[in-house]
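Pasting in a structure now, in structure tokens, and then I'll have a few things to ask.
Just so it is clear, none of the values below were taken in a lab; they were calculated from the coordinates. Please read these numbers as outputs of a predicted model, since none were measured by experiment.
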Amino acid sequence: MNDARHAAAAGVCLALPEQAHSKLAQLRDHLGLLAQMTYAVTKEEEDKPLEIRRSVLGTCFEMAAVQLEDALHAVEHATRTNHRSSSSPLRGEDRGEGPTSP
């Protein structure tokens, strides 16, 4: 089981960085728009093939992949950063960072 599935199963919540959240929201909106464009408007259109150039469809999938990759990278970075800072049992002064309180 990968870390994300394990965390979800354990009830762990991860905070998304704002930029990653924005990218995922853009992807959601983009996929929603594509879905709306492909649904038939009238009953007559229901059986008609949808004509779309391969380059346009490829661009849509590529944009989705890039947005997902950016968001996943931000989450992985935030997860690694949080894991490093929370896994150290030492206080700041014990790590040579000076006193943690005045």
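Can you tell me the mean projection area, over all orientations, of the convex hull of the stretch 38-84's alpha carbons? Units nm², please.
Over every viewing direction, the Cα hull of the stretch 38-84 projects on average to 4.9 nm².
Okay, next question. Applying the Karplus parametrisation 6.51 cos²θ - 1.76 cosθ + 1.60 with θ = phi - 60° to the phi angles of the stretch 64-78, what ³J(HN,Hα) value in whole Hz is obtained for each residue in order, glycine and proline being reported as x?
4, 5, 5, 5, 5, 4, 4, 5, 5, 4, 5, 5, 4, 5, 5
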